[in-house]
1. Students often check this: by mean Cβ neighbours within 10 Å, which of 44-52, 15-23 ranks highest, and how do the rest follow?
2. Taking 31 Å as the cut-off for C-alpha to C-alpha distance, list the pairs among K4/K31; K13/K76; K34/K57; K34/K64; K9/K76; K31/K57 that go past it.
3. How large is the dipole of the chain about the Cα centre if only Lys and Arg carry +1 and Asp and Glu carry -1, each at its Cβ, rounded to the nearest 20 debye?
4. For labels at M69 and E3 in the simple 7 Å Cα→Cβ model, what's the distance in nm?
5. Between D33 and Y60, what length comes free when the chain is fully extended (0.36 nm per residue of separation minus the Cα-Cα distance, one decimal in nm)?
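What follows is calculated from the coordinates using simple rules that are stated; it is not laboratory data. This structure is a prediction, so every number in the text was calculated from the model and none was measured. All Cβ positions, glycine included, derive from the backbone under ideal geometry; neighbour counts span all protein chains shown.
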Amino acid sequence: MNEKEMIEKELEKLIEARDAFLTYMDAHIPKDDKGIAFDFSQEPTLDAKRVYEHFYKLDYQARKIRGFMVAQLASKA
């Protein structure tokens, strides 16, 4: 697998982690009247451990992709 394919694979994982997080949010936080933004006015309670798990997966993938990109840019400098 070449570097471009590795980056594409990691980007797919990042998108999957983002989608999973948004699915969790959709299931636990109502939307505003327009149905677009989350409505936090009623201060919904979220499971902190689950929120952190989603954050960790997103953060891990972002840092992993950042490492690929920094290495790629450094090799071209």
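1. Values: 44-52: 10.3, 15-23: 13.6.
By packing density, highest mean first, the sequence is 15-23, 44-52.
2. Values: K4/K31 38 Å; K13/K76 26 Å; K34/K57 29 Å; K34/K64 36 Å; K9/K76 22 Å; K31/K57 24 Å.
Beyond 31 Å between Cα atoms: K4/K31; K34/K64.
3. Numbers: 13 positive and 15 negative charges, 88 e Å.
Once rounded to the nearest 20, the dipole reads 420 debye.
4. Label-label distance for M69 and E3, simple model: 1.5 nm.
5. Working: separation 27, 0.36 × 27 = 9.72 nm, distance 3.36 nm.
In short, 6.4 nm is gained.
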